[in-house]
1. Hey, if you drop one equal point scatterer on each alpha-carbon of the stretch 1-131 and run the Debye formula without solvent, what base-10 log of I(q)/I(0) do you get at q = 0.10, 0.16, 0.22 Å⁻¹?
2. Counting only protein heavy atoms and a 1.4 Å probe, tell me what percentage of the stretch 1-75's accessible area is made up of carbon and sulfur.
3. Which order, highest average first, do 38-51, 200-213, 99-112 follow once you tally other Cβ atoms within 10 Å for each residue and take the mean per peptide?
4. Whole-Hz Karplus ³J(HN,Hα) for the stretch 173-181, in order, using 6.51 cos²θ - 1.76 cosθ + 1.60 and θ = phi - 60°, x for Gly and Pro?
5. Quick one: net charge around P128, please, counting Lys, Arg +1 and Asp, Glu -1 for every other residue with C-beta under 11 Å from its C-beta.
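The values are calculated or read from the model by the stated rules, or taken from the named source; none is laboratory data. Bear in mind the structure is a predicted one, so any value in this text is a computation, not a measurement. Virtual Cβ from ideal backbone geometry, glycine too; neighbours counted across all protein chains shown. What goes into the accessible areas is simple: the full protein's heavy atoms, side chains included, and nothing from ligands, DNA or RNA. Shrake-Rupley method; radii C 1.70, N 1.55, O 1.52, S 1.80 Å.
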Amino acid sequence: EHTDLQEYLGSYVADSSGRLAFREGALVTAVREGHWVVLDELNLAPSDVLEALNRLLDDNRELFVPELNEVVKPHPAFMLFATQNPPGAYAGRKALSRAFRSRFLELHIEDIPDGELAEILERRCALPASYAKRLVTAMRELQRRRQATNVFAGKHGFITPRDLFKWAERGAVGYQALAEDGALILGERLRSAEERQVVADVLARVMNAKVDLEAVFAREGDAPVRQLEAALQQHNQPAPATTPHSIGASTNNVQ
């Protein structure tokens, strides 16, 4: 989405002597030398990028570099892979044309089964099996409730395996800490008291813990202040009187 065509093809930049020289983009290098390229979230790409790829993938199999007025033929070993989430179910994704999609061999990947997802969390994040199962259970319950409560609109309510990895990697010890970490990970998406209550209820039920979202957010928000005070104590400096407007300025002076 934030990668323009120049990053793929290249552009003129100043060299060590200060002269303008053309620096080849990653895609051009890969095409020339036969590397494999993976493009993530292809249906977020700008239209000019898709047009360039279309020419590379059609029967002509060539990549035009306008700055050099050169046509690059792909190395026999060159391969292009792309991933995307379906349009409609995920915000901002465009529907690619049937003609463009026909350039690819498509594989449709379904949701990871709960048991496999829990095992991945357990092995990847060194998480106890019981923790991993509860994280997956919490995700499924939030997904189930999203339509009735409009929590986290979108497929899976935007509560994805990626969120679970962030959650698991916080290294909580105990279900209370696990529930509070979940509140912090998901809390950035909360927009109303109703949404906060839904998340708190699910975390409390699944983790068998009491979740006070306001207290969790307040404690996490005070963490920079506590770090500042600890750093000042190490340097035998008095802790400053902090306010919401002075915290950022004070931390800049700590070495």
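1. Debye intensities relative to I(0), on a log10 scale: -0.47, -0.90, -1.31.
2. Answer for the stretch 1-75: carbon and sulfur cover 47 percent of the accessible area.
3. 200-213, 38-51, 99-112
4. Here the 3J(HN,Hα) series is 10, x, 5, 5, 5, 5, 5, 5, 5 Hz.
5. Counting the neighbours of P128, the net charge comes to +1.
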